[in-house]
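The structure under discussion appears below in the form of structure tokens.
The values are calculated or read from the model by the stated rules, or taken from the named source; none is laboratory data. Note that the structure is a prediction, hence the values are computed from the model and not measured. Cβ placement follows ideal geometry from the backbone for every residue including glycine, while neighbour counts extend to all protein chains displayed.
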2 protein chains.
Amino acid sequence: MPSEFALIRRHFTRPARHTDLAVGDDAALIRPGPGMQLAISTDMLVAGTHFFADTDPEGLGWKTLAVNVSDLAAMGATPRWVVLAACLPAADEAWIARFAQGFFACAEAFDIDVIGGDTTRGPLNLCPTIFGEIPLGQAITRGGARPGDELWVSGTPGRAALGLAHLQGSLALDGAFRDSCLKALQRPQPRVALGLGLRGIASAMLDVSDGLLGDLSHILEHSGVGAEVRTAALPLAALAAGCGDPARALQACTAGGDDYELLFTAPAPCHDALLALGERLGLPLHPIGRITAHSGVLLLCHPDGRQESPRALGYDHFGRNA
Amino acid sequence: MPSEFALIRRHFTRPARHTDLAVGDDAALIRPGPGMQLAISTDMLVAGTHFFADTDPEGLGWKTLAVNVSDLAAMGATPRWVVLAACLPAADEAWIARFAQGFFACAEAFDIDVIGGDTTRGPLNLCPTIFGEIPLGQAITRGGARPGDELWVSGTPGRAALGLAHLQGSLALDGAFRDSCLKALQRPQPRVALGLGLRGIASAMLDVSDGLLGDLSHILEHSGVGAEVRTAALPLAALAAGCGDPARALQACTAGGDDYELLFTAPAPCHDALLALGERLGLPLHPIGRITAHSGVLLLCHPDGRQESPRALGYDHFGRNA
């Protein structure tokens with residue numbers, strides 16, 4: 001029976017397109033283009049914490065890379081290269097082959113070279129580190145939001161949380177809505193084209209991985225500003241219709257993680273350009289609130305005029321990483 | 001009690017010296033110098049596989065980074081930046097503080113910026129990814145060895161294996177020799193200055209992490225050559241004197257891993273320049289054999305004229321990764 005080393009080599013060695021030296025030596029060699037900064041992000045996905053140990057390996061392979069791609073999208077960077085360190089409990093070729101299939105499907109979808117890695121035996125743990133390029137000075141960080149900026153989110157955050165609740169049995173979804181929620185959870189689409197389109201427009205940005213309001217708090221912290229989120233402007237209609245529970249839809253949209261939509265701020269005069277960008281990309285962009293000068297103050301504004309702090313609403317994840 | 005996120009932030013955020021954007025955003029931003037290639041390596045260290053779970057965290061922190069630095073040294077690269085993903089079983093501040101102390105001691109010793117990472121809860125697993133710079137075209141890969149080249153190794157490989165045997169109770173060492181073996185095992189010194197000094201001289205190189213002969217087989221495979229190793233030329237005297245067993249010294253030197261010395265080939269006319277380089281660095285360099293045209297054939301040559309294949313000697317690790 002081949003060792004996991006042989007299996008990894010068999011399934012993980014594919015031609016690299018923009019790499020000087022890929023898998024097989026002590027280190028890989030790459031060259032960012034002239035005038036480019038390199039954006040780097042690492043994520044560790046652990047069985048039992050980030051995914052069920054019996055998760056379909058093909059979907060897991062896609063997601064392992066996609067969540068890292070999303071980190072680069074959130075900087076406005078073009079993903080280019082990835083290394084993958086993996087700790088595997090056994091040399092299970094069928095599992096490795098399906099995992100590689102999903103991982104490379106994502107790599108090919110975003111033109112990313114897999115340039116190296118490391119394999120070891122032990123509790124299942126997947127740790128990609130991803131590299132992307134961005135013209136010097138054009139990265140969109142968390143720290144550039146200014147009072148008066150509009151706050152935007154892409155797509156329909158909340159589907160992944162509802163999909164997870166469905167899998168865990170606390171919610172019963174069906175039909176196309178169920179499928180869309182499971183797809184959001186299992187095969188998230190990193191918003192690379194949107195990230196690139198927001199260069200020179202967005203003043204601050206991150207991806208919604210831990211929940212919209214919790215992630216928004218990072219922008220407030222890094223930018224030294226506050227925000228008001230208009231609950232009536234959140235993209236809740238499809239969620240509420242699909243799960244039949246408006247309160248749960250609100251909770252999923254504002255506190256559910258794992259959708260990897262982009263949350264960003266932009267000067268108010270960019271409003272129409274952003275709507276046009278969303279149209280061009282076939283990805284709805286929603287203006288959901290505005291940035292204020294009240295540093296660290298985050299308010300949910302309801303249609304009846306009430307304003308609430310999400311902290312008072314007992315959001316579990318709010319500020320977890322803050 | 002602070003979360004592990006807060007603890008990591010407290011102990012792992014230190015000023016970065018040659019980084020555009022370090023810890024805290026979706027990605028870090030760096031800029032290799034003009035005309036530089038970027039060398040990238042990732043390693044995953046797993047409790048129970050690569051180290052004992054009760055290993056002193058300060059030494060573990062040093063070694064976690066040092067083994068990655070060694071991969072860059074083995075390319076002739078200058079280490080510059082590192083990201084660290086860590087899976088920790090508990091938010092144990094004393095452990096994290098000591099681990100960070102060792103990790104940053106190594107980072108400072110080699111002027112490396114710690115620019116990002118990820119933390120999660122689960123089985124202990126440490127995964128650094130390291131980046132270094134090397135002038136375009138000057139990287140020393142595994143593939144450049146040519147027949148007639150001399151084969152060299154730095155230092156005294158084998159100490160780490162004897163130190164491990166001492167800790168495991170299969171060997172009793174004492175005094176300064178025991179200390180030197182434990183230091184080799186627990187606080188390996190990546191040979192960065194040697195790697196830089198070998199640019200333009202060495203034709204192929206790697207670091208001895210899995211055992212000298214097993215690692216040598218990678219050079220043979222990548223370069224399409226063979227090698228003869230003269231056992232009388234191996235740096236065995238100190239090992240044999242220290243452990244009182246010449247056969248065990250030979251085994252440790254040729255098949256023991258974890259020393260992170262450099263194994264390299266160089267054209268024969270470089271012989272004197274290499275001895276002078278070793279002198280200048282205070283690090284003995286040993287010419288231990290030569291490269292032959294017999295692709296894939298590795299022979300141990302004894303003083304009495306006998307020649308053996310290491311495979312026939314039953315070396316466990318020989319070809320493990322090959």
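For the stretch A:254-282, how many residues meet the condition of being at pLDDT 95 or above and out of contact with any Lys or Arg (no Cβ under 7 Å at 6 or more places or on another chain)? Let's see the steps before the verdict.
Keep residues of the stretch A:254-282 that are at pLDDT 95 or above, which gives A:261-282.
Subset that is out of contact with any Lys or Arg (no Cβ under 7 Å at 6 or more places or on another chain): A:263-282.
Number satisfying all stated conditions: 20.
Does A:THR13 count as hydroxyl-bearing (Ser, Thr, Tyr), within 19 Å of A:CYS127 (Cα to Cα) and surrounded by fewer than 19 Cβ atoms within 10 Å (Cβ to Cβ)?
On the way: hydroxyl-bearing (Ser, Thr, Tyr): yes; within 19 Å of A:CYS127 (Cα to Cα): yes; surrounded by fewer than 19 Cβ atoms within 10 Å (Cβ to Cβ): yes.
Yes; evaluated as a whole, the condition is true for this residue.
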What residue, among those in the stretch A:246-302 that are without any contact (Cβ under 8 Å) to a residue 40 or more places away in the chain and among the hydrophobic types (A, V, I, L, M, F, W, C), is farthest from A:GLY195 (Cα to Cα)?
A:ALA247
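For the stretch A:190-309, give me every one of the strands (runs of 3 or more DSSP E) that falls completely inside it and has 3 or more residues that are buried (at least 21 other Cβ atoms within 10 Å of the Cβ). Spell out the reasoning first.
On the way: elements: A:204-207, A:226-230, A:262-266, A:285-292, A:298-301.
The qualifying strands (runs of 3 or more DSSP E) are A:204-207, A:262-266, A:285-292.
Based on this model, can you work out whether B:LEU21 counts as facing chain A (nearest Cβ under 7 Å) and either surrounded by fewer than 19 Cβ atoms within 10 Å (Cβ to Cβ) or over 18 Å from B:CYS127 (Cα atoms) (or both)? Let's see the steps before the verdict.
Values: facing chain A (nearest Cβ under 7 Å): yes; either surrounded by fewer than 19 Cβ atoms within 10 Å (Cβ to Cβ) or over 18 Å from B:CYS127 (Cα atoms) (or both): yes.
Here the answer is yes, as B:LEU21 does meet what is asked.
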Members of the stretch A:169-189 that are closer than 18 Å to A:THR64 by Cα, among the charged types (D, E, K, R) and assigned to a loop (DSSP other than H, G, I, E, B)
A:ARG187
Residues (more than 7 Å from every other protein chain (Cβ to nearest Cβ) and crowded, with 19+ Cβ neighbours inside 10 Å) located in the stretch B:24-49
B:MET36, B:LEU45, B:ALA47
Which one of these does A:LEU60 not meet: (1) under 16 Å from the mean Cα position of the chain (by Cα); (2) under 21 Å from A:ILE40 (Cα atoms); (3) more than 9 Å from chain B (Cβ to nearest Cβ)?
(2)
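Quick test for you: out of B:ILE115, B:ILE140, B:ILE134, pick the one residue that is touching a residue at least 60 places away in the same chain (Cβ under 8 Å), surrounded by 22 or more Cβ atoms within 10 Å (Cβ to Cβ) and within 22 Å of B:ILE288 (Cβ to Cβ).
Values: B:ILE115 fails: within 22 Å of B:ILE288 (Cβ to Cβ); B:ILE134 fails: within 22 Å of B:ILE288 (Cβ to Cβ).
Residue meeting the stated conditions: B:ILE140.
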Could we say that B:CYS106 is surrounded by 19 or more Cβ atoms within 10 Å (Cβ to Cβ) and more than 8 Å from chain A (Cβ to nearest Cβ) here?
yes
A:HIS166 passes all but one of the listed conditions (1) in a loop (DSSP other than H, G, I, E, B); (2) more than 15 Å from the chain's Cα centre (by Cα); (3) farther than 24 Å from A:SER295 by Cα; (4) not hydrophobic (A, V, I, L, M, F, W, C); the exception is number (1)
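Filter the stretch B:141-151 for residues that are more than 9 Å from chain A (Cβ to nearest Cβ) and part of a loop (DSSP other than H, G, I, E, B) and give the result.
Going residue by residue through the stretch B:141-151, those that are more than 9 Å from chain A (Cβ to nearest Cβ) are B:144-151.
Selection gives B:GLY144, B:ALA145, B:ARG146, B:PRO147, B:GLY148, B:ASP149.
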So, of the residues in the stretch B:79-103 that are touching a Pro at 6+ places or on another chain (Cβ under 6 Å) and part of a helix (DSSP H, G or I), which turns out to be nearest to the other protein chains (Cβ to nearest Cβ)?
B:PHE99
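Per-residue answers, yes or no, for (1) within 21 Å of the chain's Cα centre (by Cα); (2) modelled with pLDDT under 95; (3) assigned by TED's automatic domain parsing to the domain that holds B:TRP81; (4) of a type outside the set (Val, Ile, Thr):
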{"site": "B:VAL114", "(1), (2), (3), (4)": "yes, yes, yes, no"}
{"site": "B:ASP118", "(1), (2), (3), (4)": "no, yes, yes, yes"}
{"site": "B:GLY122", "(1), (2), (3), (4)": "no, yes, yes, yes"}
{"site": "B:LEU171", "(1), (2), (3), (4)": "no, yes, no, yes"}
{"site": "B:LEU185", "(1), (2), (3), (4)": "yes, yes, no, yes"}
{"site": "B:VAL192", "(1), (2), (3), (4)": "yes, no, no, no"}
{"site": "B:LEU198", "(1), (2), (3), (4)": "yes, no, no, yes"}
Residue selected from the stretch B:109-124 under the condition of a type outside the set (A, V, I, L, M, F, W, C) and either closer than 25 Å to B:ASP54 by Cα or part of a loop (DSSP other than H, G, I, E, B) (or both), by the criterion farthest from the other protein chains (Cβ to nearest Cβ)
B:ASP111
